[in-house]
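This report refers to the structure that appears directly beneath it.
The values are calculated or read from the model by the stated rules, or taken from the named source; none is laboratory data. These numbers come from a predicted model, not from an experiment. Neighbour counts run over all protein chains shown; Cβ positions are idealised from the backbone, glycine included. Side chains are part of the model used for accessible areas, which takes the heavy atoms of the whole protein and leaves out ligands, DNA and RNA. Shrake-Rupley method; radii C 1.70, N 1.55, O 1.52, S 1.80 Å.
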Amino acid sequence: MNKIKELLNIQYPIIQGGMVWASGWKLASAVSNAGGLGLIGSGSMYPDILREHIQKCKKATNKPFGVNIPMLYPNLEEIIQIIIEEGVKIVFTSAGNPKTYTTYLKEKGITVVHVVSSLKFALKAQEAGVDAVVAEGFEAGGHNGRDETTSLTLIPIVKKEVSIPLIAAGGIATGSAMYAVMALGADGVQVGSRFVASDEASSHIDFKKMVVEAKEGDTQLTLKELAPVRLLKNKFYNDVTELYSKGPSIDELKALLGRARAKRGMFEGDLNEGELEIGQVSGLIQDIKPAKVIVDDMIKEFQETKKSMEQVAI
């Protein structure tokens, strides 16, 4: 029995990343109905909006789903209480200390998984009592770790040292990539960018189209002094690069970033001035399609890759 399938009670060990401005109830329920685990991304939701999405998700699926919580969220306590009140049984935490709420959530019967970018943080998460970890490589979109360790290196390093189930993330959009990271020791995968380019993602259609049009090299990690983030290159990215050429202060970087720039780009569709968070794997994404088709295609390709690898001789 696959550890992640057993832990989360899902058909396939595929988790949809809880991405800001992309992961609402429509996407989460569609992935769960397809046999994976859908996650509602609370990082871009006010508490009352999150409650609405949880309630709609419960009506749209009878399968397990969860909520992703950035631990630096300003309304964290209120978010936690809503999750408990609404009976959500799976929580993925990220961007903060897993010790803060893991014990409390588990006492409420909630399965807790924490997202990490290094072995050090994976060990801290295990010590905090989480049920599993997501090890996310440098290729991933959005806010990233500072160590710049790629998935190919990170997964076996973490696997060697932790005893809890391991989910791989970063650079995974295909069944062959899923097979590769599971061969390295992962028990399942978390997929973000591929699900951005889905019919059900709440991100703006113009952003989805830009993801599909992206080529290798069209993303870059930047703003490391604030919080490292991988972005599609656009006017805003070019403005950041120009500012860096002048040796900016932290305050100058903050002033350029401003507020709600990610919403402006990914949700409202401002492809020039918006912050467009996506992974390197966008260079492999060539179409927008239903979440169920994405899951089905990944499983089919995983099985085909497995069969072909059994025939490889060295």
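Can you confirm whether Gln16 is farther than 26 Å from Gly129 by Cβ and either touching a residue at least 12 places away in the same chain (Cβ under 8 Å) or open to solvent by 30 Å² or more (accessible area, probe 1.4 Å) (or both)?
When the stated conditions are applied, Gln16 does not pass them.
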When you scan the range 264-308, how many residues do you find that are in a helix (DSSP H, G or I) and farther than 14 Å from Thr174 by Cβ? 7
Residue among Asp239, Asp251, Asp270 that is over 26 Å from Val31 (Cβ atoms), buried (at least 19 other Cβ atoms within 10 Å of the Cβ) and not hydrophobic (A, V, I, L, M, F, W, C): Asp270
Do the conditions hold for Ser193, that is, is it farther than 20 Å from Gly24 by Cβ, buried (at least 17 other Cβ atoms within 10 Å of the Cβ), in contact with a Ser or Thr (Cβ under 8 Å, 6 or more places away or on another chain) and hydroxyl-bearing (Ser, Thr, Tyr)? no
For the range 12-22, enumerate the residues that are out of contact with any Leu (no Cβ under 6 Å at 6 or more places or on another chain) and among the small types (Gly, Ala, Ser). Gly17, Ala22
Among residues of the range 146-169 being open to solvent by less than 10 Å² (accessible area, probe 1.4 Å) and among the small types (Gly, Ala, Ser), the residue farthest from Gly18 (Cα to Cα) is Ser151
If we scan the range 59-69, do we find a residue that is more than 24 Å from Val196 (Cβ to Cβ) and touching a helix residue (DSSP H, G or I) at 6+ places or on another chain (Cβ under 7 Å)? no
Can you run down the residue pairs with Cβ atoms below 7 Å, 6 or more apart or on separate chains, where the first is in the range 45-61 and at negative phi and the partner is open to solvent by less than 40 Å² (accessible area, probe 1.4 Å) and of a type in the set (S, T, N, Q)? Leu50/Ser42; Cys57/Ser29; Ala60/Ser29; Thr61/Ser29; Thr61/Ser32
Only residues that are more than 15 Å from Gly142 (Cβ to Cβ) and either among the aliphatic types (A, V, I, L, M) or surrounded by fewer than 14 Cβ atoms within 10 Å (Cβ to Cβ) (or both): list them for the range 210-236, please. Met210, Val212, Glu213, Lys215, Glu216, Gly217, Glu225, Lys235
Meets criteria (more than 22 Å from Ala201 (Cβ to Cβ), at pLDDT 95 or above and not in a loop (DSSP other than H, G, I, E, B)) for Leu105: yes
Can you name the number of the only condition in (1) touching a residue at least 24 places away in the same chain (Cβ under 8 Å); (2) surrounded by fewer than 18 Cβ atoms within 10 Å (Cβ to Cβ) that Val130 fails? (2)
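Between Val212, Val191, which is closer than 16 Å to Asp287 by Cα, under 15 Å from the mean Cα position of the chain (by Cα) and not small (Gly, Ala, Ser)?
Val191
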The condition from (1) surrounded by 24 or more Cβ atoms within 10 Å (Cβ to Cβ); (2) under 15 Å from Gly170 (Cα atoms) that Ala122 misses is numbered (2)
What is the one condition in (1) farther than 19 Å from Val20 by Cβ; (2) surrounded by 14 or more Cβ atoms within 10 Å (Cβ to Cβ); (3) without any contact (Cβ under 8 Å) to a residue 60 or more places away in the chain; (4) of a type in the set (A, V, I, L, M, F, W, C) that Ala313 does not satisfy? (2)
Going through the range 19-43 one residue at a time, which ones are among the small types (Gly, Ala, Ser), under 21 Å from Lys209 (Cβ atoms) and touching a residue at least 40 places away in the same chain (Cβ under 8 Å)? Ala22, Ser23, Gly24, Ala30
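Quick grid of which residues meet (1) in a loop (DSSP other than H, G, I, E, B); (2) over 26 Å from the mean Cα position of the chain (by Cα):
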site: Leu226; (1), (2): yes, no
site: Pro248; (1), (2): yes, yes
site: Asp251; (1), (2): no, yes
site: Ala262; (1), (2): no, no
Could you list, ordered by first residue, the pairs with Cβ atoms under 7 Å in which the first is in the range 275-292 and basic (Lys, Arg) and the second is open to solvent by less than 60 Å² (accessible area, probe 1.4 Å), at least 6 apart or interchain? Lys289/Ser198; Lys292/Ala30; Lys292/Ala34
